[in-house]
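Contents: one structure, followed by commentary.
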Amino acid sequence: MENREQRLTMRILTIWRSLCQGTTLPRRAQIDPLLFGADWANCLLLDIDPKIDRSRLAFVGDNLRDPSWPPLDRQMMSECEDGTLLQATLASAARVIAKGVPISTAGLVPQEGESIVYRSILLPLAESSGRIDGLLGGASFRLIAVEEEVHPIEEPRAARPQLVAG
């Protein structure tokens with residue numbers, strides 16, 4: 001029986017590392033959707049612009065698509081809706097570019113009226129001269145089912161008057 005890593009971010013990192021040649025970052029041309037199988041639906045590719053907010057999404061997997069967007073038309077990173085999974089996944093892009101290493105993040109975001117918990121990873125790509133010109137990213141998520149009766153919100157208790165013995 002095959003021992004398959006359960007975390008999507010680790011599976012993506014493993015593929016990215018297999019594409020590295022020594023200390024050289026993988027090239028964008030090496031990113032083949034077939035390498036990722038079903039995980040490709042949770043991946044993205046970002047073409048880096050010198051002004052990071054103007055970087056453009058070259059690919060967004062179906063599971064990461066922002067439901068408010070029209071079909072993918074190379075939207076800029078700055079056009080990602082605040083508080084979405086896609087925006088949260090791209091939030092560390094500047095740090096990945098500055099450090100030149102993969103960065104994984106996790107957190108909570110709203111999605112279609114529900115709260116989801118996510119884990120994401122962004123990995124640098126460099127086509128030539130070692131300069132980072134793209135990012136490969138991926139994110140997994142799941143719905144958080146929090147029922148009020150399970151996790152009640154308690155009002156702060158008013159200070160009780162102290163009895164003084166007389």
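The values are calculated or read from the model by the stated rules, or taken from the named source; none is laboratory data. This one's a predicted model, so the numbers in the text were calculated from it and none came from an experiment. Don't worry about glycine lacking a Cβ; one is built from the backbone with ideal geometry, like all the others, and counts go over all protein chains shown. Note: accessible area is taken over every heavy atom of the protein model, side chains too, but ligands, DNA and RNA are not part of it. Shrake-Rupley method; radii C 1.70, N 1.55, O 1.52, S 1.80 Å.
Here are a few things to note about the model shown:
- Residue match in the stretch 111-124 (condition: in contact with a Ser or Thr (Cβ under 9 Å, 6 or more places away or on another chain), touching a residue at least 12 places away in the same chain (Cβ under 8 Å) and more than 14 Å from residue 64 (Cβ to Cβ)): no
- Residue match in the stretch 7-23 (condition: farther than 16 Å from residue 129 by Cα, polar (S, T, N, Q), open to solvent by 80 Å² or more (accessible area, probe 1.4 Å) and without any contact (Cβ under 8 Å) to a residue 12 or more places away in the chain): yes
- Cβ separations smaller than 6 Å between residues 6+ apart or across chains give the following pairs from the stretch 40-53 residues that are modelled with pLDDT of 95 or more to residues that are open to solvent by 40 Å² or more (accessible area, probe 1.4 Å) and assigned to a helix (DSSP H, G or I): 40/33.
- The condition of being in a helix (DSSP H, G or I), within 14 Å of the chain's Cα centre (by Cα), aliphatic (A, V, I, L, M) and under 20 Å from residue 60 (Cβ atoms) holds for only one of 88, 106, 139, that being 88.
So that you can scan it fast, the table gives a plain yes or no per residue for (1) open to solvent by less than 20 Å² (accessible area, probe 1.4 Å); (2) out of contact with any Leu (no Cβ under 8 Å at 6 or more places or on another chain); (3) of a type in the set (Asp, Glu):
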| site | (1), (2), (3) |
| --- | --- |
| 115 | no, no, no |
| 124 | yes, no, no |
| 138 | yes, no, no |
| 142 | no, yes, no |
| 145 | no, yes, no |
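- Scanning the stretch 61-82 for residues that are at pLDDT 85 or above and assigned to a loop (DSSP other than H, G, I, E, B) yields a count of 5.
- In the stretch 76-85 there is no residue that is over 12 Å from the mean Cα position of the chain (by Cα) and closer than 23 Å to residue 11 by Cα.
- Flag for residue 29 being in contact (Cβ under 8 Å) with a residue 40 or more places away in the chain and open to solvent by 40 Å² or more (accessible area, probe 1.4 Å): yes
- If you go through the stretch 91-103 and keep only what is surrounded by 12 or more Cβ atoms within 10 Å (Cβ to Cβ) and outside any helix (DSSP H, G or I), you end up with 91, 92, 100, 102, 103.
- For the stretch 1-60, taking the residues that are part of a loop (DSSP other than H, G, I, E, B) and of a type in the set (Ser, Thr, Tyr), the one that is farthest from residue 125 (Cα to Cα) is identified as 55.
- A residue that is under 30 Å from residue 22 (Cα atoms), touching a helix residue (DSSP H, G or I) at 6+ places or on another chain (Cβ under 7 Å) and polar (S, T, N, Q) occurs somewhere in the stretch 89-105.
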